[in-house]
Amino acid sequence: MGLIQELNNLHNHVKYAYFMYKNGLSNTKTDYSKMSKEEFEKRYLTNKHNSWIALKLWEKSEVYKRLINVMLEEQSTQDFLEVYKAIKDKAKSGDSQAVKTFLMLQDKVKKNLKNDKTSIDDGLEID
């Protein structure tokens, strides 16, 4: 399950918004990274002082820690793709070390796919 799905499963729009704000993320409607503290308070918090305390305490919860790990996993996947493309380009230009690294990365990807037991279901039904 992806980060946005995990956040939606919270069923708490304040925690959703706080996580997005705290980590400088955005969705299709809001760029939380550009939001000031005052704007966040105005839009999402009714009792500013108590709400901030509750949200800071929530950061210590297992749920919050899981969300952080999901976010980091998604970011590392994107980072891996960028590195893979850069190495591939260097390998194509004849860099022998890049060729070795590229082949090693290809093996890693193949092993990951072999070990990945999840199936991809986009929900589309074809009659």
task: Just need the relative contact order of the chain here, percent rounded to a whole number, with Cα pairs under 8 Å and 6+ apart.
output: 16 percent
- line: Within the under-13-Å Cβ sphere about Asp89, not counting Asp89, Lys/Arg +1 and Asp/Glu -1 give a net charge of +2
- prompt: Is the stretch 1-60 rounded, prolate or oblate when judged by the Cα gyration tensor, a ≥ b ≥ c being the square roots of its eigenvalues, rounded requiring a/c under 1.5 and prolate requiring a/b larger than b/c?
  reply: oblate
message: How would the stretch 77-116 be classified by its alpha-carbon gyration tensor: rounded, prolate or oblate, with rounded meaning a/c under 1.5 and the a/b versus b/c comparison settling the rest?
response: oblate
field: Listed residue pairs exceeding 19 Å between alpha carbons, taken from Lys15/Lys42; Lys22/Lys85; Lys88/Lys108; Lys22/Lys56; Lys88/Lys114
entry: Lys22/Lys85; Lys88/Lys114
field: Shape category assigned to the chain from the gyration tensor of Cα positions, a/c cut at 1.5
entry: prolate
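Bear in mind that the values in this text are calculations on the coordinates, not laboratory data. Only a predicted model underlies this, so the values are computations on that prediction, with no experimental measurement involved. Neighbour counts are summed over all protein chains in view; Cβ atoms, including those assigned to glycine, are modelled from backbone coordinates with ideal geometry.
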